[in-house]
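J.: Below is one structure. I have some questions about it.
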Amino acid sequence: GENVEQHPSTLSVQEGDSAVIKCTYSDSASNYFPWYKQELGKRPQLIIDIRSNVGEKKDQRIAVTLNKTAKHFSLHITETQPEDSAVYFCAASLSGGGADGLTFGKGTHLIIQP
Amino acid sequence: ETGVTQTPRHLVMGMTNKKSLKCEQHLGHNAMYWYKQSAKKPLELMFVYNFKEQTENNSVPSRFSPECPNSSHLFLHLHTLQPEDSALYLCASSQVNEKLFFGSGTQLSVL
């Protein structure tokens, strides 16, 4: 089955700086890669996703890049703000997100230092 | 609210108890899921239902028994659990092959 590795497990950055979280996956057939943000005591919420026919996607301060050859994808957050503090999970799926569920990474605890 | 509601939010049970977790989605989705979230571990997929039919069972012990009576409701029946089953249990729904929306979860403690 699919295996997703995520690094780092904890990331501390100064407010205003950029943060990058990286994930690798094992199954070259995976074609959907979402990122979820989970604030303390709350549900995971989708913040951005990318499909395998695209190399990069941006949404305001958030971007995701995908390298299918190397089987890795990354989350980039620019101009970080205190409300970006949370745990971020990457995931991979063979079926575009639904039918077989998602395989998640272990999560990255992002800390924004004021 | 994302349209996925879970009850109860918190549950404490003994190892000999029987309890059920409930999930309801108001998004018109046709797929529903149970995930387990433990500290220091990835979210683990437990069960998948597509159009009320179970399509995935990730080697989950039989003390966890899912039930999906219709596309909007999903239950997880719990029986003779172990302390290591203590975790946050998250329900999610989606249109098949589309994005997952999670509920707020049930924080389960097994004593």
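The values are calculated or read from the model by the stated rules, or taken from the named source; none is laboratory data. These numbers come from a predicted model, not from an experiment. Neighbour counts are summed over all protein chains in view; Cβ atoms, including those assigned to glycine, are modelled from backbone coordinates with ideal geometry. Side chains included, ligands, DNA and RNA excluded: accessible areas come from the protein's heavy atoms. Shrake-Rupley method; radii C 1.70, N 1.55, O 1.52, S 1.80 Å.
J.: Once you charge only the Cβ atoms, +1 for Lys and Arg and -1 for Asp and Glu, what is the size of the charge dipole of the range B:27-74 about its Cα centre, to the nearest 20 debye? Write down the numbers at each step before the final one.
T.: On the way: 5 positive and 4 negative charges, 51 e Å.
In debye, rounded to 20, the range B:27-74 gives about 240.
J.: Now for a different question. Considering only protein heavy atoms and a probe of 1.4 Å, how much of the accessible area of chain A is carbon and sulfur, as a whole percent? Present the calculation step by step, with values, prior to reporting the outcome.
T.: Details: 2600 of 5440 Å².
Solvent-exposed carbon and sulfur of chain A make up 48 percent of the total.
J.: I would also like to ask the following. Return the tail of the calculated pair distribution for the range A:1-76, meaning the percent of Cα-Cα pairs more than 14 Å apart.
T.: Values: 1834 of 2850 pairs.
Of the Cα pairs, 64 percent sit more than 14 Å apart.
J.: Before I look further, what does the protein assembly as shown give for accessible area per residue, probe 1.4 Å, in whole square angstrom?
T.: Details: 10680 Å² over 225 residues.
With the other protein chains kept in place, the protein assembly as shown gives 47 Å² per residue.
J.: Compute for the range B:1-96: radius of gyration divided by Kirkwood radius, i.e. Rg/Rh, restricted to C-alpha atoms, rounded to two decimals.
T.: Working: Rg = 12.9 Å, Rh = 13.6 Å.
Rounded to two decimals, Rg over Rh is 0.94.
J.: Could you tell me what percent of the accessible area of chain B is made up of carbon and sulfur, with a 1.4 Å probe and every protein chain present?
T.: Carbon-and-sulfur percentage of accessible area, whole number: 50.
J.: The protein assembly as shown: Rg/Rh from Cα coordinates, Kirkwood Rh?
T.: Values: Rg = 17.5 Å, Rh = 17.9 Å.
A ratio of 0.97.
J.: Once Lys and Arg get +1 and Asp and Glu get -1 on their Cβ, which of A:SER95, A:PRO8, A:ILE62 lies farthest toward the positive end of the dipole of chain A?
T.: A:SER95
J.: Can you give the % of DSSP beta bridges in the protein assembly as shown that are antiparallel, to the nearest 5?
T.: Details: 74 of 83 bridges.
Given both bridge residues lie in the protein assembly as shown, the antiparallel proportion sits at roughly 90 percent.
J.: Also: Going through the cross-link list A:LYS68/A:LYS106; A:LYS71/B:LYS36; A:LYS57/B:LYS19; B:LYS22/B:LYS99; A:LYS71/B:LYS18, which pairs have a Cα-Cα distance over 32 Å in this structure?
T.: Working: A:LYS68/A:LYS106 21 Å; A:LYS71/B:LYS36 26 Å; A:LYS57/B:LYS19 43 Å; B:LYS22/B:LYS99 21 Å; A:LYS71/B:LYS18 43 Å.
As for pairs spanning more than 32 Å Cα to Cα, those are A:LYS57/B:LYS19; A:LYS71/B:LYS18.
J.: Count neighbours as other Cβ atoms within 10 Å of each site's Cβ, and list the GluC sites (Glu not before Pro) in the range B:1-75 that are DSSP loop with at most 10 such neighbours. Could the numbers behind the result be given before it?
T.: Numbers: sites: B:GLU1, B:GLU24, B:GLU44, B:GLU53, B:GLU56, B:GLU67; in loops: B:GLU1.
Sites meeting the loop and neighbour criteria: B:GLU1.
J.: Right, here's the next one. For the A and B pair, go ahead and give the buried accessible area with a 1.4 Å probe, both sides summed, in Å² to 100. Walk me through the numbers on the way to the answer.
T.: Numbers: alone 6360 and 6070 Å², together 10680 Å².
About 1700 Å² of accessible surface is lost on pairing.
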